[in-house]
Amino acid sequence: MCHALLQNPNFFHILLQIDIELAAETRATKCHYCGGTLHCANYPRKPRCCLEEARINFESRFSFCCNQCRKRKTSVSVRFLGRRVYLGLAVVLMSAGRSPSTSDVAQLSETLDVPARTIQRWRQWWIEQFPLTPLWQAACARFMPPIDLTLLPTSLIERFLGSSDESMRRILVFLSPLTVGHSVTLNEGC
Ligand SMILES: [Zn+2]
């Protein structure tokens, strides 16, 4: 795991490219409800923990609207974790670490202006709510030996091998089903 990814413009660019591909796949499908065609109707976002130079590419979430019944279909995302204001990358990386007082996390939370209580809530979400999600219920058996749920998300991150950017890319893709629907509803306050 590498917190430097939070300050790596190239990694932000990679995440955008993945989201563009995921959005293209979503758009190529028809409306679930009536078979109508999906048109672009992105959601504006005000992302936190976003690199300044990448911000312009992180100010909208790819979403679509049916041209017949007007129902929405939002693409899964590696940039945004549900309706959270913080980027998914931050929610994963800054929750990780064996101890809440890990010094690099403490320093980053100051640099990136993330309150300690917000990180604490993320950690609680990982341990208390993430294991209950349909994603985890369906996927947990794939991890052998079983993941230690008391050490999430670190224990999960460790199973995604490869260079730090490669493993983080893969974990964000793995988590992307959580980014639609109501799997992530935690109120983060401010
Ligand atoms: Zn429709």
Next item on the list: Hey, could you check the range 51-68 for residues that are among the charged types (D, E, K, R) and without any contact (Cβ under 8 Å) to a residue 12 or more places away in the chain and say which is nearest to the ligand (Cβ to nearest atom)?
Entry: Arg55
Item checked: Residues being closer than 14 Å to Phe58 by Cα and free of Cβ contacts under 8 Å to residues at least 40 places away in the same chain - total across the range 11-29 -> 1
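Given Leu87, Leu93, Leu5, which one is within 21 Å of Ser109 (Cβ to Cβ) and either within 16 Å of the ligand (Cβ to nearest atom) or in contact with an Asp or Glu (Cβ under 7 Å, 6 or more places away or on another chain) (or both)?
None of the other options fit; the residue is Leu5.
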Margin query: Quick check on Ser77: is it within 16 Å of the ligand (Cβ to nearest atom), over 18 Å from His3 (Cα atoms) and touching a strand residue (DSSP E or B) at 6+ places or on another chain (Cβ under 7 Å)?
Written below: no
Next item on the list: Filter the range 128-154 down to residues that are surrounded by 11 or more Cβ atoms within 10 Å (Cβ to Cβ) and in a loop (DSSP other than H, G, I, E, B), then give me how many there are.
Entry: 6
Note to self: Being among the aliphatic types (A, V, I, L, M), buried (at least 20 other Cβ atoms within 10 Å of the Cβ) and at pLDDT below 90 is the requirement here; does Ala96 meet it?
What the structure shows: yes
Margin query: So the check is Cβ under 8 Å with 6+ separation or different chains; which pairs have a first residue in the range 134-150 that's over 16 Å from Ser176 (Cβ atoms) and a second one that's surrounded by 11 or more Cβ atoms within 10 Å (Cβ to Cβ) and among the polar types (S, T, N, Q)?
Written below: Ile147/Ser155; Asp148/Ser155; Leu149/Ser155
Next item on the list: Sort out which residues of the range 15-28 are within 16 Å of the ligand (Cβ to nearest atom) and either loosely packed, with under 12 Cβ neighbours inside 10 Å or not hydroxyl-bearing (Ser, Thr, Tyr) (or both), and write them in order of number.
Entry: Arg27, Ala28
Note to self: Any residue that is of a type in the set (Gly, Ala, Ser), under 11 Å from Phe62 (Cα atoms) and within 16 Å of the ligand (Cβ to nearest atom) - is there at least one of those in the range 30-50?
What the structure shows: yes
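Conditions tested, residue by residue: (1) closer than 30 Å to Gly162 by Cα; (2) of a type in the set (S, T, N, Q); (3) at pLDDT 95 or above; (4) not in a loop (DSSP other than H, G, I, E, B).
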| position | (1), (2), (3), (4) |
| --- | --- |
| Asp19 | yes, no, yes, yes |
| Ala23 | yes, no, yes, yes |
| Lys30 | no, no, no, no |
| Phe64 | no, no, yes, yes |
Check: Just one of the numbered conditions (1) modelled with pLDDT under 95; (2) away from the ligand (no atom under 16 Å from the Cβ); (3) not polar (S, T, N, Q) is not true of Phe12; which one?
Finding: (1)
Notebook entry, point to check: If you scan the range 32-52, which residues turn out to be surrounded by fewer than 18 Cβ atoms within 10 Å (Cβ to Cβ), touching a Phe, Trp or Tyr at 6+ places or on another chain (Cβ under 8 Å) and either at positive phi or not in a loop (DSSP other than H, G, I, E, B) (or both)?
Noted result: His39, Cys40, Arg48
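The values are calculated or read from the model by the stated rules, or taken from the named source; none is laboratory data. Predicted model, so just to flag it, every value in this text is computed and none were measured. Cβ: placed from backbone, ideal geometry, glycine included. Neighbour counts: every protein chain shown.
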